[in-house]
Amino acid sequence: MLTRRSMIIAGFLASTFALPAMAADTVKFDMKAFQAAQAAGKSILVEVHADWCPVCTKQKPISSSLRQKPEFQNFAFFTVDFDSQKDALTLFKVSKQSTILGFKGKQETARSTGVTDAAEIEKLWRTAI
């Protein structure tokens, strides 16, 4: 049986080692979380996605691969659902799925639509560092 102290230590260790993985998780776009990331001056990537979009399907493994790189570990990642989050599309002035936006804090650094070239996508991501 674990003592209270052992459980606290185990919880601390689990949360400490889980943080790097959580940092690269994609979060469904939420205005408060996005604004908090901007206020903190974080590097931010916003991906406008639709499940039915063939270009989005091609972008997904590229994004997954880039997230493994050390320079992108501290980015905040948000996904906007093209079909259900129309308010976010209006906010970002986006009219098409497969759009990727980079931010450094409150400053938009780059955007692209329909790009599936890994080198071009990485170039966009790097603008937010």
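The values are calculated or read from the model by the stated rules, or taken from the named source; none is laboratory data. Bear in mind that the values here come from a model prediction, so they are computed numbers and not experimental data. FYI the Cβ positions are ideal-geometry reconstructions off the backbone, even for glycines, and counts take in every protein chain you see.
Within segment 41-58, which residues are out of contact with any Leu (no Cβ under 9 Å at 6 or more places or on another chain), outside any loop (DSSP other than H, G, I, E, B) and not basic (Lys, Arg)?
Ser43, His49, Pro54, Val55, Cys56, Thr57
Could you please find all residues in segment 67-100 being of a type outside the set (A, V, I, L, M, F, W, C) and within 20 Å of Asp117 (Cα to Cα)?
Arg67, Gln68, Lys69, Glu71, Thr79, Lys96, Gln97, Ser98, Thr99, listed by residue number.
Among the numbered conditions (1) touching a strand residue (DSSP E or B) at 6+ places or on another chain (Cβ under 9 Å); (2) free of Cβ contacts under 8 Å to residues at least 40 places away in the same chain; (3) within 20 Å of Thr127 (Cβ to Cβ), tell me where Phe103 comes up short.
Evaluating Phe103 over (1) touching a strand residue (DSSP E or B) at 6+ places or on another chain (Cβ under 9 Å); (2) free of Cβ contacts under 8 Å to residues at least 40 places away in the same chain; (3) within 20 Å of Thr127 (Cβ to Cβ) leaves (2) as the failure.
When the residues of segment 111-129 are filtered to those that are free of Cβ contacts under 8 Å to residues at least 40 places away in the same chain and surrounded by 15 or more Cβ atoms within 10 Å (Cβ to Cβ), which remaining residue is farthest from Lys42 (Cα to Cα)?
This residue is Ser112.
If only one of Ala76, Ala39 is surrounded by 11 or more Cβ atoms within 10 Å (Cβ to Cβ), out of contact with any Asp or Glu (no Cβ under 8 Å at 6 or more places or on another chain), modelled with pLDDT of 95 or more and not charged (D, E, K, R), which one is it?
Ala76
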